[in-house]
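Q: The following block contains the structure, expressed as C-alpha cells.
The values are calculated or read from the model by the stated rules, or taken from the named source; none is laboratory data. Treat the numbers as computed from the prediction; the structure is a model and nothing was measured. Neighbour counts are summed over all protein chains in view; Cβ atoms, including those assigned to glycine, are modelled from backbone coordinates with ideal geometry.
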Amino acid sequence: MTDAISVEGLVKTFGRTRALNGLDLVVRTGEVHGFLGPNGAGKTTTLRVLLGLLRADSGRAQVLGGDPWRDATPLHRRLAYVPGEVNLWPNLSGGEAIDLFGDLRGGLDKARREELLDRFRLDPAKRCRTYSKGNRQKVALIAAFASDVELFVLDEPTSGLDPLMEAAFQQTVREVSARGATVLLSSHIFSEVEALCSKVSIIRDGVTVESGTLAQLRHLTRTSVVVEAAEPITGLGGLPGVHDLVADGARARFDVDAAHLPGVLRHLASFEVNTLTSRPPTLEELFMRHYGDAPEAAAEVPSAGASR
Amino acid sequence: MSAYEGTGRLVRLALRRDRVQLPVWIVGSAVILAAGAAAVIDEFPDAAGRATALQGAGTSPAVLLMRGTPVGTDLGALANFRNLAFMLVLAALMSTFAVVRHTRQNEETGRAEMIGAASVGRNAGLTAALTVVLGANLVLGVALIGALVSAGLPAGGAVTFGAACAVTGMAFAGVAAVGAQLFQSARAANAFAATAVGVAYLVRGIGDALGERAADGVQVTSTWFSWVSPLGWGMLARPYGEERWWVLTLPVLLLIACVWGAFALVGRRDLGAGLIPERPGPAAASRGLLSPLGLAWRLNRASTIGWLVGSVVFGLGIGSLGDLVDDALGGNEGVSDLMGQLAGTGSAALVEAFFAAMMNVFGALAACFAVQVLLRLRSEEAGGPAEAVLATAVGRARWVGAHLTCAVGGAAAILVLAGAATGLADAAVGGDIGVLTLVGAGLAQLPAAMTVAGFVVLVFGGLPRMVVVLAWAGLVVSLACGLLGDVFGLPQAVRDVSPFTHVPAIPAVDATPGPMVGLVVVAAALAAAGMALFRRRDLSP
C-alpha cells in the first residue's frame, strides 16, 4: 500500500514566524490519522500546504502521489477538505452551498446528500447568514462526505458541534473509512481521536514530536495503577519507573513507566492484593506530558490561530 | 415596555462612542470654514476685485460644477461661493456615516442583539441614532455660524449658511436611516448613503454648470436640474445673496419623509434582517449556480442589476439634456471649451462634445463597477469562502477569470444600456445623434474600464493586502488624469498614464480602432500578469 500523504522536513515561515519547522507526517492509504497539537502548533498551516493553498519554503510533500502545489486542481478532484473556519456566502442557502462545493469538486452523490442532511439535521433551505457556527460546519461536512473521494482532510471539524452531532460525525467517518477512504483529522479533542483514529501524529511548534498507533504511543507512557491489599504495601517508592506515588497503608496509587510494569507487578505479587485497577493514559495525559509540564508551552497555548 | 424605552441610555452610549469622531468632524469643518472666510476677506478686500473674480468663475462651467452658483459680490457671497458646497458635503457625510454606525453597524456586529435583549424598545436604536445625529447637525450649524461671524462676516447670512448646512445634514441622516433599514450590511448602507450624496452633488453640479448668467455677469441662475438635488437646496437658499429661507423647508420635509419611512421599516422587519424578509432559499442549487462563473454571477447579480438600472436612469437624464445644451448654451464659449476639454476634442459641435464628455463619465462608472466586482476577490479570500472553493477542483486562474468575466461583462452592459438610454432620450427631445452611435460611443469606453480591471487583478495577484486601497487609488488617478487632465492643465505625459486619455471621444470625433485595441492588449497583459502572480503566491487571509 502506498502512502496517501507523505511529508518530510516541511518548513513554512510567515515573515519572522516559523510556523512549520521541519515537520514530518506519513498517512497510509486507508487509515484514519489523528493530527493533534495545541492551537498555533501548525496544524492548519500543514493542511493548507497539503491542499496547495500555501507553498512550503522547503521540504517535500506528496498527496495521493502528486505534488500538492503543482497538481492542485487534479488532486482536488480526489479529496475533500473541511476548513477549521467554515465561511459561506450569506445569501446562498445551505443546500446551494453543499451542491456548489460538491459540484466544483467533481460531483456529489444525491442519495448520500439526503441521508447526511437527515443525519446531521440540517435545514438546507435556510440562508447561510442565519446559520450558527455548528451549522456552517455541517454544510462543509455534508458537502465533503457526500463526495466519493479517496481522501478527507478535516481541520477540527467538530469544534462547533454538539455531542449528538459529534456521534453522527464519528459514524460518518467510520463509514467512509470502511469503504477504504483515508482520513486526516486534525483535532484537539482527545476523545474524538481516541474513538476514531488508528494512527496519531502529535505536533508542537511546527515539529512532529510523536507519531504512531495509539498502542505504540501508550508504550512510551506511564500506566496509572491503583492497588489495595490486605496488608500495608511497602517498598514501591524504591522501585525503578514508579512516579507520583501516594501510599496510604494498604492502598497505593502511582504511575509507572510501561517498561517497568513487569517489575512492579512482581513486587506487588508478594502482597495479598484485593483489588488492582490500571488504565492506559488518556490522550489528554499524553498531551499534558508533551505540553503541560513545559512552562513556555503553556504560555503559547493562548496564542490561538497563530498559524492561520 | 414602550418601543422607545431605553432611548436615553442609547443616546448616551452613542455619544460616548462618538466622543472623538463627531467633535473632530464638527470642529474640523468650522476651522476649515473660518480659514476659508478669512482668506476671502484677506484676498478680496474690494468689491471690484470680487466681481472680476466671480465673473471669471461664472464663465467656467467646471467651477460652477464644483462650487455652485455665485449669489452676489459682497464678502459673504464670495465666502458662500467658495465654501458652501464643500460644507454641505461634509455635513451630509458626517450624518450618513454616523447614522449607519449607530444603526446597521450595531445590528451587523451583533451589538444590537445584546442591547435589544436588555430593557430597550425596538425603536430605541434608530431614535437614539437620529437624536444624536440631528443634535450633531445643530451643533455643526451653530459652529459654522460662529466660524463665519468670528471671521468678521455679517451674522444674518451666517445664520442662513449654518442653517442650510444643518438641515442638509439632517436630510441625509434621514436618507441614511432608510438605507440602514434596506441593506443588511453596514458597508452596503454606507455605500448607498455616500452614493446618494455623490449623485446629489453631481446632479446639482450639472444643473449649476448649465445655469444662466445674469446681466451683471456675476450671478448665475441654476437650471431646474439643481432643484432635484437635496444638496442643491442648501445652495438655492442663497445665503448672503437674495436669501430664500423657504427652500430650507425642502430638506426638512425630506427628513420627515425618510424618518417616517425608516420607522415604518423598523416595525416590519426582524433584527439583523433587511427590508426583504429572509425567505427560505432553495434547498438545492440550480444548474446555473454550479460553476465558478455561475457563483461569481450570483454573488454580483444584485449589485449589477442596481448599476444597470442606475445607468439607464442616468443615461435618460443626460440624453434629455442634449436639447438644453444646444439651445441655452450654444453661445457660451466657456461651456464649449469645458466640454471640449472634458471630451478631449478641442472644439467640436457642442452637443457632440457634451455627449462625448458624458460617455467619459459612463466609462468612469463602468470602471467603478469593475473595481467593485473585482474587490470581491479579496473579500472572498480574506476570511471568506475562497479557501474552501480553491480546495475543490477549481484552479486559481479559473476562479479569478470567473470574477473578471462578471466585471467586464457587467461593465459592457452598463455602457451599452447607458449609451442606448442616452440616445433614446436624445431622440425623444428631438436630437439626431442616433441610438447606435451612442451605444458605440459607450462601448468605446470599455477598453479603458478593462484596463482598470486588469490593474486591479494585477494588484490582487501581487499585493493582496493593499488591493482595496491601490485599486481605488488607481481608479481615482486614472480618472483625474484622463477625464480632468485637460481642465487641470496636466502635461500630456501624465495624462497618457490614464487609459481614459486614449479613448476616442465619440460622437465628437470618429472612432479610431488603434488606441482601443492597444488598451485591450494592455488590459489582457495586466490581467494575465495578475493571475500568474496569484498562482504563485500563498492564499493570504
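Q: Out of A:R105, A:R70, A:R48, report the one residue that is in contact (Cβ under 8 Å) with a residue 24 or more places away in the chain and either over 30 Å from B:E113 (Cβ atoms) or of a type outside the set (S, T, N, Q) (or both).
A: Details: A:R70 fails: in contact (Cβ under 8 Å) with a residue 24 or more places away in the chain; A:R48 fails: in contact (Cβ under 8 Å) with a residue 24 or more places away in the chain.
Residue meeting the stated conditions: A:R105.
Q: Further question: Testing A:E156 on (1) more than 21 Å from A:C197 (Cβ to Cβ); (2) out of contact with any Phe, Trp or Tyr (no Cβ under 9 Å at 6 or more places or on another chain); (3) at pLDDT below 95, one condition comes back false. Which one is that?
A: For A:E156, the failing item is (1).
Q: Spot the failing condition for A:R55; the list is (1) out of contact with any strand residue (DSSP E or B) (no Cβ under 7 Å at 6 or more places or on another chain); (2) facing another protein chain (nearest Cβ under 10 Å); (3) over 15 Å from A:V11 (Cβ atoms), and only one is missed.
A: Here A:R55 meets the rest and fails (3).
Q: Something else: Would you mind stating whether A:F169 is under 15 Å from A:G34 (Cβ atoms), among the aromatic types (F, W, Y) and outside any helix (DSSP H, G or I)?
A: In short, no.
Q: Note down all Cβ pairs under 8 Å where the first residue falls in the stretch B:478-491 and is within 15 Å of B:A449 (Cβ to Cβ), the second is basic (K, R) and at pLDDT 75 or above, and they're at least six residues apart or on different chains.
A: Note: pairs meeting the criteria are B:G482/B:R495.
Q: May I pose another question? Consider the stretch B:144-162. How many of its residues are more than 24 Å from the chain's Cα centre (by Cα), farther than 15 Å from B:I41 by Cβ and crowded, with 21+ Cβ neighbours inside 10 Å?
A: Here the count works out to 3.
Q: So which residues in the stretch B:376-432 are within 14 Å of another protein chain (Cβ to nearest Cβ) and farther than 24 Å from B:A528 by Cα, if there are any at all?
A: Correct list: B:G383 only.
Q: Give, as residue ranges, the helices (runs of 4 or more DSSP H) completely inside the stretch B:268-361 that count at least 2 residues that are among the aliphatic types (A, V, I, L, M) and at pLDDT 85 or above. Full working, then the answer.
A: On the way: elements: B:292-319, B:322-329, B:333-343.
Hits in the stretch B:268-361: B:292-319.
Q: I'd like the residue in the stretch A:152-166 that is hydrophobic (A, V, I, L, M, F, W, C) and surrounded by 14 or more Cβ atoms within 10 Å (Cβ to Cβ) and, out of all such residues, is farthest from the other protein chains (Cβ to nearest Cβ).
A: First pass over the stretch A:152-166, keeping only residues hydrophobic (A, V, I, L, M, F, W, C): A:152-154, A:161, A:164-165.
Adding the requirement that they be surrounded by 14 or more Cβ atoms within 10 Å (Cβ to Cβ) leaves A:152-154, A:161, A:165.
Details: A:F152: 12, A:V153: 8, A:L154: 12, A:L161: 18, A:M165: 20 Å.
Per the stated criteria, the residue is A:M165.
Q: Do you know which of the residues in the stretch A:248-269 that are of a type in the set (A, V, I, L, M, F, W, C) and modelled with pLDDT under 85 is farthest from A:Q216 (Cα to Cα)?
A: Restricting attention to the stretch A:248-269, the residues satisfying the condition of being of a type in the set (A, V, I, L, M, F, W, C) are A:250, A:252, A:254, A:256, A:258-259, A:261, A:264-265, A:268-269.
Keeping just the survivors that are modelled with pLDDT under 85 gives A:258-259.
Working: A:A258: 11, A:A259: 12 Å.
Out of the qualifying residues, it is A:A259.
Q: Since A:D148 meets every condition but one in (1) part of a helix (DSSP H, G or I); (2) more than 10 Å from every other protein chain (Cβ to nearest Cβ); (3) of a type outside the set (G, A, S), which condition does it not meet?
A: Among (1) part of a helix (DSSP H, G or I); (2) more than 10 Å from every other protein chain (Cβ to nearest Cβ); (3) of a type outside the set (G, A, S), the lone unmet condition for A:D148 is (1).
Q: Another question, then. Exactly one of these conditions fails for B:A412: (1) at pLDDT 95 or above; (2) buried (at least 24 other Cβ atoms within 10 Å of the Cβ); (3) aliphatic (A, V, I, L, M). Give me its number.
A: (2)
Q: Just give me the residues in the stretch B:499-515 being surrounded by 21 or more Cβ atoms within 10 Å (Cβ to Cβ) and over 28 Å from B:T59 (Cα atoms), in sequence order.
A: Once the filter is applied, which keeps residues that are surrounded by 21 or more Cβ atoms within 10 Å (Cβ to Cβ) and over 28 Å from B:T59 (Cα atoms), the stretch B:499-515 yields only B:P499.
Q: So the check is Cβ under 6 Å with 6+ separation or different chains; which pairs have a first residue in the stretch B:184-200 that's more than 16 Å from B:L90 (Cα to Cα) and a second one that's of a type in the set (D, E) and assigned to a helix (DSSP H, G or I)?
A: Going by the 6 Å Cβ cut-off, the qualifying pairs are B:S185/B:E108; B:A186/B:E108.
Q: Right, next: In the stretch A:159-174, is there at least one residue being without any contact (Cβ under 8 Å) to a residue 12 or more places away in the chain and under 21 Å from A:D99 (Cα atoms)? Give the derivation first.
A: So the first thing to find is which residues in the stretch A:159-174 are without any contact (Cβ under 8 Å) to a residue 12 or more places away in the chain, and the list is A:163-164, A:167.
The next check asks that each one be under 21 Å from A:D99 (Cα atoms); those that pass are none.
Within the stretch A:159-174, not a single residue is without any contact (Cβ under 8 Å) to a residue 12 or more places away in the chain and under 21 Å from A:D99 (Cα atoms).
Q: Hey, another quick one. Which count do you get for residues in the stretch B:65-96 that are touching a strand residue (DSSP E or B) at 6+ places or on another chain (Cβ under 8 Å) and among the acidic types (D, E)?
A: Residues of the stretch B:65-96 touching a strand residue (DSSP E or B) at 6+ places or on another chain (Cβ under 8 Å): B:69-70.
After this cut, where a residue has to be among the acidic types (D, E) as well, the list is none.
So the answer is 0.
Q: Now a separate question. Which helices (runs of 4 or more DSSP H) does the stretch B:386-473 wholly contain that include 1 or more residues that are within 30 Å of A:F101 (Cβ to Cβ) and without any contact (Cβ under 8 Å) to a residue 24 or more places away in the chain?
A: Working: elements: B:386-390, B:396-428, B:435-443, B:446-462.
Hits in the stretch B:386-473: B:386-390, B:396-428.
Q: Go through the stretch A:66-108 and count every residue that is among the hydroxyl-bearing types (S, T, Y) and either more than 7 Å from every other protein chain (Cβ to nearest Cβ) or surrounded by 19 or more Cβ atoms within 10 Å (Cβ to Cβ) (or both).
A: Looking only at the stretch A:66-108, we keep the residues that are among the hydroxyl-bearing types (S, T, Y), and these are A:73, A:81, A:93.
Imposing the further condition that a residue be either more than 7 Å from every other protein chain (Cβ to nearest Cβ) or surrounded by 19 or more Cβ atoms within 10 Å (Cβ to Cβ) (or both) reduces the set to A:81, A:93.
So the count comes out to 2.
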